[in-house]
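Heads up, the thing below is written out as structure tokens.
No value in this document is a laboratory result; all are computed from the given coordinates. Since the model is a prediction, treat every value here as computed from it, not as a measurement. For neighbour counting, all protein chains shown are included, and Cβ atoms are generated from backbone atoms with ideal geometry for every residue, glycine included.
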Ligand SMILES: Nc1ncnc2c1ncn2[C@@H]1O[C@H](COP(=O)(O)OP(=O)(O)O)[C@@H](O)[C@H]1O
Ligand SMILES: [Mg+2]
């Protein structure tokens, strides 16, 4: 399995807050890595450093062999990123927003048309294509966020809480989509829903207070619980002195 992302000794401090402390891990193609941790653990900060939106205090991130600080454009080309809360321009229609993203991604001609058609169908947003984004339900807004992340068919997908706030059917749909895309890509999702790890991830990393506490398969994670229960295992790891 070839490596898509290599993270070495990554740290980020905001003043006195050590948001991410000396984290190292690699992600390979074919993997869906679940990023777990309580609120404020440093998940979003780590994702922002991988995608080049935030400069690390120290440490390195390589994406397909390109250093994120030395070659940010190559890194951004190979990554699709769904930031926390799926931000978009509310006054734009779905169609104009996706065309704007297609411009930024320099998609043209038949490739552009094919990608737009395919994404609109896969993400199932054809019925709201002429609606302004601010008038969409939370579920549809999230879908538009997913659509912009995958429009250029990136090798690597970084999704910050992609199912947060969705209803159970929508969660199920997004998980299926992730599983469908997983084979050829390297995917990182953050979540605080532990069942999601079992449902879609081939590997799980737990961080808490910026520190990496666990890196293994969902089965290895569950085996940390004598009750065979993923929630119990997570508590054992994040709150060890009970
Ligand atoms: N821009 C910022 N300025 C100051 N502190 C920040 C900033 N971004 C995040 N933090 C702090 O860094 C820590 C990690 O935050 P975050 O990465 O958002 O955690 P998570 O995504 O796991 O909930 C938190 O203590 C948060 O308050
Ligand atoms: Mg977060």
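How many percent of Cα pairs in segment 193-242 exceed 19 Å?
15
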Inset, instruction - Could you check the simple spin-label distance between residue 3 and residue 137, using points 7 Å along Cα→Cβ, in nm with one decimal? - result: 4.4
Legend entry - Segment residue 235-residue 223, extension gain: residue separation times 0.36 nm, minus the distance between their alpha carbons: 3.0 nm
Legend entry - Normalised contact order of the chain, rounded percent, pairs of Cα under 8 Å and 6 or more residues apart: 26
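Which value results when the Cα radius of gyration for the chain is divided by 2.2 N^0.38 Å? Working shown, then result.
Values: Rg = 18.0 Å, N = 242, 2.2 N^0.38 = 17.7 Å.
Rounded to two decimals, the normalised Rg is 1.01.
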Inset, instruction - On a 0 to 90° scale, report how tilted helix 168-182 is relative to the longest principal axis of the chain, with both axes built from alpha carbons and the result rounded to the nearest 10. - result: 90
Inset, instruction - Identify which of 226, 198, 215 has the largest mean-square fluctuation in a Gaussian network model of the chain, with springs joining Cα atoms closer than 10 Å. - result: 226
Inset, instruction - Please give the peptides 75-85, 200-210, 91-101, 108-118 ranked by average Cβ packing (other Cβ atoms within 10 Å per residue), highest first, as a rough proxy for protection. - result: 200-210, 75-85, 91-101, 108-118
Inset, instruction - State, to one decimal in nm, how far the label point of residue 183 lies from the label point of residue 169, with both points 7 Å from Cα in the Cβ direction. - result: 2.8
Legend entry - Helix 138-150 vs. the chain, principal-axis angle (Cα, 0 to 90°, nearest 10): 90
